[in-house]
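Notes to accompany the following structure.
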There are 2 protein chains.
Amino acid sequence: MGSSKPTIVVDAMGGDFAPANEVAGSILGLQESQNAFSIVLVGKEEEIQKHLRGAEIAGLPISVVNAPEVITMEDSPTAALKQKKDSSLAVGMNLHKEGKADAFVSAGNTGAVLSASTLILGRVKGVSRPTIGAFFPTEKGVCLLVDAGTNVDCRPQHLYEFAVMGSIYAKKIFKYDNPLVGLLNVGEEESKGNEVVRDAYKLLKASRLNFAGNVEGRDVLTGRIQVVVCDGFVGNAILKFAESVPSFLKARLKSYAEKNILRKGMLGLVRGTLKAVFKEMDYEEYGGVPVLGVNGVSIIGHGTSTPKAIKNMILKAAELATADINKHIEQTLADSVTHRALAGDTISMPAHP
Amino acid sequence: MGSSKPTIVVDAMGGDFAPANEVAGSILGLQESQNAFSIVLVGKEEEIQKHLRGAEIAGLPISVVNAPEVITMEDSPTAALKQKKDSSLAVGMNLHKEGKADAFVSAGNTGAVLSASTLILGRVKGVSRPTIGAFFPTEKGVCLLVDAGTNVDCRPQHLYEFAVMGSIYAKKIFKYDNPLVGLLNVGEEESKGNEVVRDAYKLLKASRLNFAGNVEGRDVLTGRIQVVVCDGFVGNAILKFAESVPSFLKARLKSYAEKNILRKGMLGLVRGTLKAVFKEMDYEEYGGVPVLGVNGVSIIGHGTSTPKAIKNMILKAAELATADINKHIEQTLADSVTHRALAGDTISMPAHP
């Protein structure tokens, strides 16, 4: 920190193919960016060095910090953090916390990375609950669905904060001028939904966000809305459902083709095309998802992240490290408190997060 | 009633193409079933007769009951029922209530049909809240997602009742021997989710249903689970999202193909195949969705229902009219109260629905 080039901590023990993919992805990231940042690989030093020795890393700003413990995908997030203080996750996140790095990247246990981000880095002022969103490719551009599973029970204020964080992210990272924010509901009318959503509607309507009103599940993929806000229970259901569509289509295509020989001949072609289309919108391209609302930059990736996916996570982290998103979130939330006080808004803020 | 052949009331003014499609669908239904039931078309008599005069209906057991008022798609469900007592919906549902018909079918205003079903027919004993599910084609067979938008706020007991109704429907109509019931959640562990879902888990685990435990959004389309239970907020989000997938894929295919001439040549073929695959799982084939938990048989269809869709709704209604599903629902819910009392279950029943 302080230097113009950011330093990125990579949790070398995070993913299912750690540390091989973490090392390979780090090297790819440095090569592609022409050393626009430096990388600290955190984890079992010997294992990491073994992989580095086999690679061409001469001249690359890459270093290793030893962390002998590993948090696995099966570990309970909060327990693991307490018990494994020498894990790559804890050691790496603390490097970021202490200012020795500007961002943190992991393909490890999502719950544990989220906990570590919140507990070690702390929350941005004004944020009740940090959140993780999901990116959906749409008919045109990207849609950020937030929350995607982090907070299963939400109050109106939480949904409002998700909208603020999502909107700033969409603006700064996706470069949308004035992202359109929709509140996920069962219909478009203001009176629809449950009490939480109706109150969230009021908060969003009174805010300075570019609020599109209520939207429905069908609006996620159209590209009309850039940020769709919902609680993590609903967001997770949609995300998981969406992830199952390619394999469903593959199976339906197969059974369709089996009904006659002509169709069978076309099956390979149709499948190949669909596969290519889905490939275009693969998670690898998105470079993981950020934990929004924590004091720092923390990116979480899929456990199965390939070197390419790790590389994209690192590039995203480097971008976020210089984008100052958290300052904007803090400022916007502070402004909205003033704005509401002036407007005499009657919806109370949560007493505790 | 009393005779061996059921009588089906068709709301002739319900859908967007009423009464043309309703009349045509009724005739198709009688022809296909070889007059296995009789049909009463309810609505503006003159308009209906005009359509009947143009058709070949000699020998078909079809009659008309006049109802001069029409509930439109824009009408508020409860207000419309109070104000339009001579609507085809109110008159037709009352014919069913009075035992002059054994089932009711409408492609009209979903909210109004649901209200009329609940208010006029009444609830099955033991059912707190009637519900509407949605059918999803899967990799293998059909999955019933229940609730699909009717009840946006649910208590554990409501989710339990949805599971009972869905399970009986899947058994009697889809002919699944022992339908596997999953509780939609954000993860498979018993501890996952919010309080409502965790308590619903306990109810389901202690029940005699074939309970698969928690399932995720990705399990809807696999075919592994036959009944997925969730509140109507989540169910509606998934349903609407799913409905948007075909148009999303069409758009992505187009943009994929535009990138080179070879791909462009294949576009028609790939699209045609996908269209055929989606056609296989079209709503037309499912014959509408039943209102579960009301004292009678009430089937709701899409506003845009074609004659074929109306026909399938009528065939479904005739099947339901003889399936005695409500008796099974009542019996199962009564049994579960006894079962729980014996087991000393501590989860309380709702004081009021």
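At-a-glance table
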item	result
Cα gyration tensor category, rounded, prolate or oblate, for chain B with a/c compared to 1.5	oblate
Ascending list, in nanometres, of distances separating the B:LYS264 label from those of the other copies (7 Å, Cα toward Cβ)	3.4
Net charge of Cβ neighbours under 12 Å - reference A:PRO290; Lys, Arg +1; Asp, Glu -1	+1
For the protein assembly as shown, the Rg and Dmax computed from alpha carbons only, in angstrom	28.1, 91
Cβ-defined net charge surrounding B:PRO19, 12 Å radius [Lys, Arg +1; Asp, Glu -1]	-4
Dipole in debye (nearest 20) - chain A, about Cα centre, beta carbon charges: Lys, Arg +1; Asp, Glu -1	700
Lys, Arg +1 and Asp, Glu -1 on Cβ, resulting dipole of region A:136-175 about Cα centre, debye, nearest 20	280
Lys, Arg +1 and Asp, Glu -1 on Cβ, resulting dipole of region B:133-255 about Cα centre, debye, nearest 20	460
Relative contact order (%) - region B:236-300, alpha-carbon pairs under 8 angstrom, separation at least six	17
Of the trypsin sites (Lys or Arg not before Pro) in region B:220-308, those whose Cβ has at most 12 other Cβ within 10 Å and which sit in DSSP loop	B:LYS259
Teacher prompt: A:ARG224 distances to equivalent labels in other copies, 7 Å Cα→Cβ, nm	3.5
Cβ neighbours within 10 Å from other chains - mean over B:188-197	2
Charge dipole of chain A about the Cα centre (unit charges at C-beta), most positive-ward option of A:ALA323, A:HIS158, A:LEU145	A:LEU145
Cleavage-rule hits (trypsin sites (Lys or Arg not before Pro)) in region A:84-144: DSSP loop, at most 16 neighbouring Cβ within 10 angstrom	A:LYS85, A:LYS100, A:LYS125, A:LYS140
Residue of A:ALA206, A:ALA20, A:ALA101 that the Gaussian network model of chain A assigns the largest fluctuation, springs spanning Cα pairs under 10 Å	A:ALA206
Chain A: relative contact order in percent, alpha carbon pairs under 8 Å with at least 6 residues between	22
Residues of region B:85-103 with amide N under 11 Å of the 7 Å Cα→Cβ point at B:GLN34	none
Nm distances between copies for B:THR72, ranked from closest, using label points 7 Å along Cα→Cβ	6.4
Relative contact order of region B:145-228, pairs being alpha-carbon contacts under 8 Å that are 6 or more residues apart, as %	38
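The numbers here are math on the coordinates, done by the rules we state, and not lab data. Model, not experiment: these values are computed from the prediction. Cβ sites come from the backbone with ideal geometry, for glycine too, and all protein chains shown count toward neighbours.
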